[in-house]
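Structure first, then comments.
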Amino acid sequence: MILYEQSPALLVVIPLLSAFAINIFGLYNRRLCFPIAFLALAATLGAATMTLARVLQAGPISYRLGGWPPPFGIEYVIDHLNGLVLVTIAFVSFLAVIFAKLSVEKELPDKIPQFYTLFVLLVTGLLGMTATGDAFNLYVLLEIAALTGYALIALGDNRALVASFNYVILGTIGASFYLLGVGHLYIMTGSLNMGDLLTILPGLYATRAIFVAFLLVLCGVWLKMAFFPLHTWLPNAYTYAPSAVGCLVAPLVTKVSVYIMIRVMLSVFSSHYVFEVLALTGPIVWLAVAAIIFGSIQALAQDNLKKMLTYLIVAEVGYMVGGVWLATGYGISGAILHIVNDALMTFCLFVFAGIVTYKTGGHMLSDLQGLYRKMPVTMTGFTVVALSMIGVPPTAGFFSKWYLILGAIEAGSYHFMVALLVSSLVNAILFFRIIEITFFEPKMDHHTGHAPEITINEAPFSMLMPLLVVALGLIIIGIYSGTIVTNIIQHSVPGGLL
Amino acid sequence: MEYLVSHYNYWVYILLMMVGLYAMLAKNNLIKKVIGMSIFQTAIIVFYVSTGAKREASIPIIAHGHGHDAAHTVIEAAHYANPLPHVLMLTAIVVSVGTLGVALAICLGIYRRYKTLEEDEIQEQLHDSL
């Protein structure tokens with residue numbers, strides 16, 4: 001039962017060691033890269049599921065790395081909130097690696113070992129960031145995830161290099177702000193352990209240094225999650241990244257940053273300090289409204305499928321930040337549920353964009369013509385995700401939006417509710433437009449006088465499977481979202497807000 | 001004035017940080033931006049290290065710490081410098097070197113593709129290719 005005891009550490013150790021294995025075996029035979037990454041991520045998914053099961057059974061786990069007791073050693077703390085996020089990360093990255101196989105062989109044929117090495121390292125960073133209970137350890141893992149992200153995006157076509165460079169500059173500013181904020185906390189308290197900070201900080205809430213520390217950490221995390229108006233690096237970086245990279249970074253990196261914001265707000269500072277001592281909730285909810293409206297309008301203006309999706313990410317980040325800062329039980333539950341739902345939905349959408357790129361070579365909206373005839377199964381999966389993005393019951397997207405709207409009403413933030421509804425309408429326009437385009441045949445050929453022949457040309461199974469599994473998952477999560485909220489998410493909402 | 005002098009280490013770090021931030025955001029040449037990024041990260045390292053520094057303090061190793069005498073030695077924390085910020089910064093230095101490496105590698109790729117490292121010229125080429 002040693003595996004059972006060590007499951008929080010295995011989460012990070014398995015993908016980390018597999019990165020070395022992929023690098024070494026990839027030198028001899030690049031066909032070994034995929035199976036190693038596949039097995040490692042399958043084992044990681046197992047470890048994550050086991051960890052969540054343990055949390056559900058026996059409550060939060062505190063794991064001491066190397067046996068050093070906190071606050072001296074580094075501690076991994078898994079509770080209901082990050083247990084759920086860990087399973088989401090492991091699940092999405094496992095499906096992403098299945099999707100990646102064919103996509104990488106086509107888009108990056110000479111960089112296969114590098115791709116898989118960076119891929120598993122990015123997963124390591126994300127899982128570590130989520131599991132850790134130490135503020136400085138979080139910084140290191142944040143940078144591991146960020147550095148591998150920069151490199152993965154730079155693997156893309158030529159425009160990706162410039163986009164990745166801008167991401168490096170802004171991402172580094174974000175991480176440095178976080179580090180500086182942690183420095184302020186350390187000077188004031190002498191501790192880096194999150195649980196320890198939570199107990200020491202209340203006596204210092206009135207000091208300006210703690211206020212500055214909180215703002216620095218918050219701004220750093222906002223830069224990392226591309227919260228409006230700090231989102232400028234995201235659209236280009238995610239558009240020009242290779243398809244397989246987009247499927248991993250687009251769903252996970254921003255969502256994990258949102259998780260970190262929640263973690264810092266509730267487990268380092270407290271809901272009392274964040275929502276009552278600081279008078280920031282009003283302005284930040286307005287910023288979230290701006291993010292949602294701006295992201296939606298920009299998405300409407302795009303004729304590039306991937307770029308449209310990246311602006312939707314900017315809008316969705318606004319959902320989650322706004323939901324948390326509503327400072328109500330429903331708002332926070334909705335935001336946490338939306339982390340899971342949005343990770344799955346964004347994954348599906350980028351898989352769809354990846355399939356389109358794989359099959360047609362482009363990712364403009366005009367490349368989608370006649371797709372319903374050509375790939376009926378892919379389009380069925382896409383339609384489910386589109387309905388979930390719009391928020392049609394019983395898909396998962398409806399329920400998180402429902403909780404967010406309930407939270408907005410409870411907090412009296414009607415502008416946030418209006419923004420959510422406007423964004424749903426815009427999503428409806430965007431996705432029905434795509435469905436309309438895919439129903440139409442390509443233009444008539446003027447010379448011959450009849451349209452080119454369309455035959456069924458479905459996407460390969462390994463690309464289709466992740467899309468369909470998650471599309472089905474979205475319906476299942478939608479039906480069981482009440483259970484998820486009462487059994488998992490409620491435990492993370494601070495008591496005073498329920 | 002006394003306040004300024006007694007906290008000069010913090011003023012130095014703020015100055016360095018602003019220099020780095022300015023270079024990162026305002027310079028046109030990509031290598032200059034990378035240098036600005038490096039200065040910015042170094043400023044934070046200076047900040048951490050200076051918080052752990054203490055005048056006339058010793059390294060945190062207890063002299064004669066072994067044997068029976070150890071129990072009788074009075075240990076005053078004020079005599080020792082806090083080693084933790086310095087240790088943390090070893091990790092942060094590694095991270096910043098890694099970031100520098102990735103940034104320079106990307107610059108190299110950009111130069112191979114566009115034959116220039118001036119941001120406005122790259123933007124022009126990107127614009128023309130659309």
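Throughout, read-outs are computed from the coordinates displayed, never taken from laboratory work. Computed from a prediction, not measured in an experiment: that's the story for all the values here. Heads up, the Cβs are rebuilt from the backbone with ideal geometry, glycines too, and the neighbour counts pull from every protein chain shown.
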query: Helix A:329-360 versus the longest principal axis of chain A: what is the Cα-based angle in degrees, 0 to 90, to the nearest 10?
result: 30 degrees
- prompt: Roughly how big is the protein assembly as shown's charge dipole about its Cα centre, with Cβ charges of +1 (Lys, Arg) and -1 (Asp, Glu), in debye to the nearest 20?
  reply: 540 debye
message: Relative contact order of chain A, please, whole-number percent, based on alpha carbon pairs below 8 angstrom and at least 6 residues apart.
response: 14 percent
- request: Give me D for the protein assembly as shown in µm² s⁻¹, whole number, from Stokes-Einstein with Rh from the Kirkwood sum over alpha-carbon pairs, 25 °C and 0.890 mPa s.
  value: 96 µm²/s
Positive-end residue of A:V274, A:P251, A:Y178, charge dipole of segment A:124-281 with Cβ unit charges: A:P251
message: Rounded, prolate or oblate, given the Cα gyration tensor of segment A:72-191, with a/c below 1.5 counting as rounded?
response: oblate
message: From the helices alone, meaning DSSP H stretches of at least four residues, give me the mean residue ellipticity at 222 nm for the protein assembly as shown, per-run term -39500 (n - 2.57), in deg cm²/dmol to the nearest 500.
response: -24500 deg cm²/dmol
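Loop only by DSSP, 16 or fewer other Cβ within 10 Å of the Cβ. Give me the trypsin sites (Lys or Arg not before Pro) in segment A:75-163 that pass, ordered by residue number.
Working: sites: A:K101, A:K106, A:K111, A:R159; in loops: A:K111.
Loop-located and lightly packed - A:K111.
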field: Whether segment A:167-321 is rounded, prolate or oblate, judged on the alpha carbon gyration tensor where a/c under 1.5 counts as rounded
entry: prolate
task: Compute log10 of I(q)/I(0) for segment A:297-498 with the Debye formula, placing one identical point scatterer on every Cα and leaving out solvent, at q = 0.07, 0.10, 0.15, 0.19 Å⁻¹, to two decimals.
output: -0.24, -0.46, -0.90, -1.27
field: Förster-model FRET efficiency, 41 Å R0, B:V5 and A:H415, C-beta, rounded to 0.05
entry: 0.25
query: Say the cut-off is 19 Å between C-alpha atoms; which of A:K224/A:K255; A:K307/B:K27; A:K307/A:K374; A:K306/A:K401; A:K306/A:K359 go over it?
result: A:K307/B:K27; A:K307/A:K374; A:K306/A:K401
- request: From other protein chains only, count the Cβ atoms within 10 Å of every residue's Cβ in B:99-106, then give the mean.
  value: 6
Acute angle (nearest 10 degrees) that the helix A:414-439 long axis makes with the longest principal axis of chain A, alpha-carbon atoms: 20 degrees
Contact order relative to length of segment A:297-498, as percent, for alpha carbon pairs under 8 angstrom and 6 or more apart: 31 percent
query: Taking the simple approach of a point 7 Å from Cα along Cα-to-Cβ for both A:L3 and A:V212, what is their distance in nm?
result: 5.0 nm
- request: At 7 Å along the Cα-to-beta-carbon direction for both B:A77 and B:A105, put a label point, then send me their distance in nm to one decimal.
  value: 4.3 nm
- line: For chain A, the longest principal axis of the Cα atoms and the Cα long axis of helix A:158-189 enclose an angle in degrees, to the nearest 10, of 10 degrees
Of B:H79, B:A26, A:N304, farthest towards positive along the dipole that unit charges on Lys, Arg, Asp, Glu beta carbons give the protein assembly as shown: A:N304
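Show me the ranking of peptides A:24-35, A:333-344, A:350-361, A:419-430 by mean Cβ neighbours inside 10 Å, starting with the highest. Walk me through the numbers on the way to the answer.
Values: A:24-35: 15.1, A:333-344: 26.9, A:350-361: 22.8, A:419-430: 19.4.
Descending mean neighbour count gives A:333-344, A:350-361, A:419-430, A:24-35.
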query: By the gyration tensor of its Cα atoms, with a ≥ b ≥ c the square roots of the eigenvalues, what is the shape of chain B: rounded for a/c under 1.5, prolate for a/b over b/c, or oblate?
result: oblate
- prompt: How large is ³J(HN,Hα) for each residue in segment A:468-474, as worked out from phi by the Karplus curve 6.51 cos²θ - 1.76 cosθ + 1.60 (θ = phi - 60°), to whole Hz, x for Gly and Pro?
  reply: 5, 4, 6, 4, 5, x, 5
field: Label-zone membership for segment A:225-263, site B:H127, 7 angstrom Cα→C-beta point, backbone N under 20 Å
entry: A:233, A:236-237
task: Give me D for segment A:346-422 in µm² s⁻¹, whole number, from Stokes-Einstein with Rh from the Kirkwood sum over alpha-carbon pairs, 25 °C and 0.890 mPa s.
output: 172 µm²/s
Listed residue (A:V485, A:I437, A:I169) projecting farthest to the positive dipole end of the protein assembly as shown, Cβ model: A:I437
field: Packing-based ranking, highest mean first, of B:32-42, B:78-88 given that Cβ atoms within 10 Å are counted
entry: B:32-42, B:78-88
field: Separation of the B:I14 and B:A53 label points, Cα + 7 Å toward Cβ, nm
entry: 1.8 nm
